[in-house]
Each structure stands twice: as C-alpha cells, then as structure tokens.
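Participant: Below is a structure I'd like to ask you about.
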Amino acid sequence: MFRTVFCTLLMILLISGCTQEEPTKEESQKEGVAYEDFYEGDFYVKKPVGWDELQGNESQRVLGLSKGICSMIVDKHNAKPKEVHDWLSKAITEKIEQNLITSFFENDTYYIYYEFPYQQYTVTASTKVFYCNYLSYVTQLVCLNEIITPEFEEIRDFVLNSSRCTQEYEVPSPVKIEEKKVDIEAEEPEVIEEIEEEIVQTNIGEEFGINEGMVVYFINNNEFFRKIMEDFPRSNILVEDDENNRELKLKVNVDNEGYITLVEDGEHDNADVTLIIPLTDALNIFGNAQNINPVTLIGFAINVRTDPPEIKNQVIQKVLSGEYN
C-alpha cells in the first residue's frame, strides 16, 4: 500500500508541476538564482526563491515547489531510510515505463536516480533519503531532460546536496545500540554498574533487538523524559512486533524524580499507564532516547498508544503547554 500511494501521489504532483507554463531555455538562462533556508525541526534544505508552490494535502508532504522545468518535493515517513529506499526502488522497478538509473548509499543516506516518460519528454528524478529527527526525509528534484539548462542542473544539484539533518541521529538497530553500550562500558564503566542495579529481573531478549541497559541509560539521562515519567510511578511497556506476531511486556517502576527501574517481564495489574509501542518505534525511541524533546515526542505519539487511551492526549496537552519544560 505504501508503494502504491507513494508513487501515485508522486506522479500526480510531479506532472502537475511540469504542466505549468514551461520557460524556454533562453528565458531560464536570464534568471538569477536566490535561495532561502527552510527548516522543519532538524530537517534543513536550501529552497530556491520564486518557485511556485505545488498544491496537495498529503500528510507526509513537507514542501513542494515547481519552476516548470524542475519540481522540488520533500516528504517524510515514519520508517527507516533503508525501508523507504527499498519500497521506492521496488515501486520503480515494478513499473515498465519507469527506469531505475542508479541507486546507492553512503553513511545511512540513500540516493536513487530514475526516469519516466511524460508526454514528449523524459523526466528524471534525483532522490535523497536520510534519517532525521526520528523520521526519514525524502528530497526529490524532478526535471524535464529535453529542456533542462545548466542553470537548472546547478539548482537541482545544489538543493539536493543542501538537504540534510542539522543534528546527528543514528538510525536505530540492535547492532548500533549494542555498539553504544560497548562505548559506554569503555568510557564510563561505573555507569553500566549503576544500570545493572536498576534492572532487577528483566529478560528482554536479544531477539527483539532491545538492550535493557540502554533503555534505562537513555531514559534516565533525559531530563525532559524523566519529568513525564514522574507522573506514572507504575508503568507497563508493551512492544508489538506484528510482523512476527509477538509482543514484549515489561514492568517499569519510576521514582519521584522520574528515574526508571525495569522490574521484570510481564505487566503490573494496576499500572498507572501502559505504553503500547510498535517494535520499529521502540527501537527508534530507545536507540535515541537521549535526544527526545517536545517536538520529537509529539512525532512519536502518532504511533504510540496508551491504556487508558485518554492519557496520551493529557501528556500531549501538557507538552504543548510547556508543563514539562
């Protein structure tokens, strides 16, 4: 479904951008190029000034601009960059009229170049996928091959290269979480000893790729997250792995300063709240918990459920009103 919706909307928007009145090569060569900074959270890109906005109400859309010869589109997805890359690559190769030119990755950033026909033209899409602020951002520059000028080629390459994350967020994975634990053990062995004291009888299981020591370490070292946890002294964490039809249940105790202790597997019968988290999001949260802030927490809330359900909205309202600052 993701592939179908993604590519259908992409084609519609790209074509709508290209069907505007197209400047000739002579006209475009006379134009000067100015850029302005565009931010969404930690996502950043230099966008060209004077381009027309593409109309659309897609929930994943961040930015859409067009200048006739080229269109610029930025989307975001709650998935890892490799997953987005694989979905998009498969969608491209499954369509006979589309041609995958090349695809490669560097340092968790994926690049995809593909082309497809439109009327009498051939359209080339230059795509960059990377991880930022717990989401994957997709920046695309789509241009008409037959009438593109050196000036627009320069704009395309400049905008694509400028697209980045202003902070470093590691793509969560069991391997990276384990690597972080090894680093902490080498640099701060006393911290690991303290963590072991805060884990009583848990047996999370390597099969889920969640390191219990890192869960404790990251949550207890994030003041903002601790302020939230103070409200829920007895909590349950339920991690759902729908792909493998399994779930992980953990009991959590929280002291009056928000520091957590993982008590054991299972769940409290009279918990203040149960957090129900998909496995991908759990890896995302626990793998980067030291960076959680009001903006990223709101992003996580999309896929996290609570029991009782109303607690989720209560926490969101407190975050928005600044009560946890």
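Participant: Label-point separation (nm) for Asn221 and Asn313, each offset 7 Å from Cα along Cα-to-Cβ?
Facilitator: 3.7 nm
Participant: Whole Å is fine, so just give me how far the alpha carbon centre of the range 41-59 lies from that of the range 114-152.
Facilitator: 14 Å
Participant: Assuming R0 = 25 Å, can you tell me the calculated FRET efficiency for the pair Asn256 and Glu83, based on Cβ-Cβ distance, to the nearest 0.05?
Facilitator: It comes out at approximately 0.05.
Participant: Relative contact order for the range 113-184 using alpha-carbon pairs under 8 Å, separation at least 6, rounded to a whole percent?
Facilitator: Value for the range 113-184: 26 percent.
Participant: Can you run phi through the Karplus equation (6.51, -1.76, 1.60; θ = phi - 60°) for the range 38-49 and list ³J(HN,Hα) in whole Hz, with x for Gly and Pro?
Facilitator: Per residue, the Karplus-derived 3J(HN,Hα) values read 10, 10, 9, x, 8, 6, 9, 7, 8, 9, x, 7 Hz.
Participant: How do Glu310, Glu194 line up, fewest other C-beta atoms within 10 Å first?
Facilitator: On the way: Glu310 9, Glu194 13.
With the sparsest Cβ surroundings first, the list reads Glu310, Glu194.
Participant: Okay, moving on. In nm, what is the difference between 0.36 nm times the number of residues separating Glu146 and Lys90 and their Cα-Cα distance? If you can, show how the numbers build up before the last one.
Facilitator: On the way: separation 56, 0.36 × 56 = 20.16 nm, distance 2.64 nm.
Full extension from Glu146 to Lys90 adds 17.5 nm.
Participant: Mind ordering 94-102, 296-304 by average Cβ neighbours within 10 Å, highest first?
Facilitator: Those peptides, ordered most packed to least, come out 296-304, 94-102.
Participant: Tell me, what HN-Hα J-couplings in whole Hz come from the Karplus equation 6.51 cos²θ - 1.76 cosθ + 1.60 at θ = phi - 60° for each residue of the range 297-304, using x for Gly and Pro?
Facilitator: 5, 4, x, 5, 4, 4, 9, 8
Participant: Can you return the lysines within cross-link range of Lys251? Criterion is Cα-Cα under 21 Å, with same-chain partners fewer than 8 residues away left out.
Facilitator: Lys227, Lys312
Participant: Give, rounded to the nearest 20 debye, the magnitude of the charge dipole that the range 174-320 has about its Cα centre when Lys and Arg contribute +1 at Cβ and Asp and Glu contribute -1 at Cβ.
Facilitator: Using Cβ point charges on Lys, Arg, Asp and Glu, the range 174-320 gives about 780 debye.
Participant: Once R0 is set to 22 Å, what does the formula 1/(1 + (r/R0)^6) return for the Cβ-Cβ distance between Glu168 and Asn293, expressed as a FRET efficiency to the nearest 0.05?
Facilitator: So the FRET efficiency works out to roughly 0.90.
Participant: At 0.36 nm per residue, and after removing the present C-alpha to C-alpha distance, how many nm does the segment from Glu264 to Asp242 gain when stretched out fully? Walk me through the numbers before you get to the answer.
Facilitator: Working: separation 22, 0.36 × 22 = 7.92 nm, distance 2.23 nm.
Taking Glu264 through Asp242 to full extension adds about 5.7 nm, to one decimal.
Participant: Could you pull out every residue, at least 5 positions away or on a different chain, whose amide H is within less than 5 Å of the one on Ser163? Hs are placed 1.01 Å off N in the peptide plane, and Pro or chain starts have none.
Facilitator: Here the answer is Lys46, since their amide H atoms fall under 5 Å of that of Ser163.
Participant: Let me ask you something else. Past the 21 angstrom mark, what percentage of all C-alpha to C-alpha distances in the range 135-266 do you count?
Facilitator: 58 percent
Participant: Related question: Beta carbons within 10 angstrom, averaged per residue: use that to sort the peptides 256-267, 142-153, highest first.
Facilitator: In decreasing order of mean packing, 256-267, 142-153 become 142-153, 256-267.
Throughout, read-outs are computed from the coordinates displayed, never taken from laboratory work. All of these numbers come straight from a predicted model, not from anything done at the bench. Don't worry about glycine lacking a Cβ; one is built from the backbone with ideal geometry, like all the others, and counts go over all protein chains shown.
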